[in-house]
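K.L.:
Dropping the structure in here first, questions after.
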Amino acid sequence: MTRAGLVVLLCYDAAVAVIGFLFLYDQQDGFMRTAEVAPFNLWAVSSAVGVVTLGLSLRASLVGRAARGAGDLAWGLAWIRLLNLPVFVFMIAVGFGIDGPGNLMAIMLTVIESVTTFVCTVAVRRQLRRDAQRAGEAWAPPAR
């Protein structure tokens with residue numbers, strides 16, 4: 001179930017990142033104003049980070065204990081992304097206001113997707129930890 005959720009979220013984040021960068025391209029051509037594009041660009045950047053996070057998490061889920069470093073990195077990126085949500089909301093609210101439906105939609109979808117990504121990465125990390133404990137391995141960082 002977690003792997004299917006990771007694949008769906010990965011496809012969603014990739015699509016949002018592409019759409020956000022298309023918005024940026026349209027702005028450069030003069031089709032859209034900065035106030036219309038900025039929330040979607042922030043949403044696209046957040047989704048681009050989500051693509052990396054979910055890709056690492058999916059790799060860790062598919063490979064198992066051998067990829068627990070990828071799982072730990074995905075978990076850390078998910079935490080960073082979750083902790084940056086107040087910054088994201090503040091940037092949109094102060095810079096462009098929340099009165100537009102696009103701004104509010106970008107905020108809501110980013111918050112929902114970031115929390116969902118975090119939950120999935122935590123589930124993958126817990127599964128890796130359980131697999132390591134079943135195999136009798138200690139859950140420790142890899143030796144350097």
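K.L.:
Going by average Cβ density within 10 Å per residue, which order do the peptides 103-114, 20-31 take, highest to lowest? Kindly include the intermediate steps, with their values, before the conclusion.
P.N.:
Values: 103-114: 17.8, 20-31: 13.7.
The densest-packed peptide leads the list: 103-114, 20-31.
K.L.:
Convex hull over the alpha-carbon atoms of the range 10-72: what's its volume per residue in Å³? Display every interim value, and only then the final one.
P.N.:
Working: hull volume 4.2 nm³, N = 63.
Convex hull of Cα atoms, per residue: 67 Å³.
K.L.:
Okay, next question. Which of the helices in the chain, when you take each full DSSP H run, stretch at least 30 Å along the axis at their Cα atoms and have an average Kyte-Doolittle score of -1.0 or higher?
P.N.:
Working: long enough: 2-28 (39 Å, 1.22); 34-63 (43 Å, 1.22); 101-134 (49 Å, 0.30).
The answer, listed by residue number, is 2-28, 34-63, 101-134.
K.L.:
Would you work out which of I19, S61, I92 lies farthest towards the positive end of the dipole of the range 1-132, given +1 charges on the beta-carbon of Lys and Arg and -1 on that of Asp and Glu, about the Cα centre?
P.N.:
S61
K.L.:
So, one more: What FRET efficiency, computed as 1/(1 + (r/R0)^6) with R0 = 30 Å and r the Cβ-Cβ distance, is obtained for D29 and L82, rounded to the nearest 0.05?
P.N.:
Details: r = 34 Å, r/R0 = 1.14.
That pair, D29 with L82, gives E of 0.30.
K.L.:
Here are a few candidate values for volume of the Cα convex hull per residue in Å³: [x] 156; [y] 111; [z] 89. Which one was actually calculated from the structure I just gave you?
P.N.:
Matching entry in [x] 156; [y] 111; [z] 89: [y].
K.L.:
Using the per-residue mean of other Cβ atoms lying within 10 Å as a proxy for protection, in what order, highest first, do the peptides 116-125, 8-17, 72-81 fall? Mind showing how you got there, number by number?
P.N.:
Details: 116-125: 21.1, 8-17: 17.7, 72-81: 19.5.
Per-residue Cβ counts within 10 Å, averaged per peptide and sorted highest first, yield 116-125, 72-81, 8-17.
Each reported figure results from applying straightforward, stated rules to the coordinates on display, with no laboratory input. All values derive from a computational prediction rather than experimental measurement. So basically every Cβ, Gly included, is an ideal-geometry build from the backbone, and we count neighbours across all protein chains shown.
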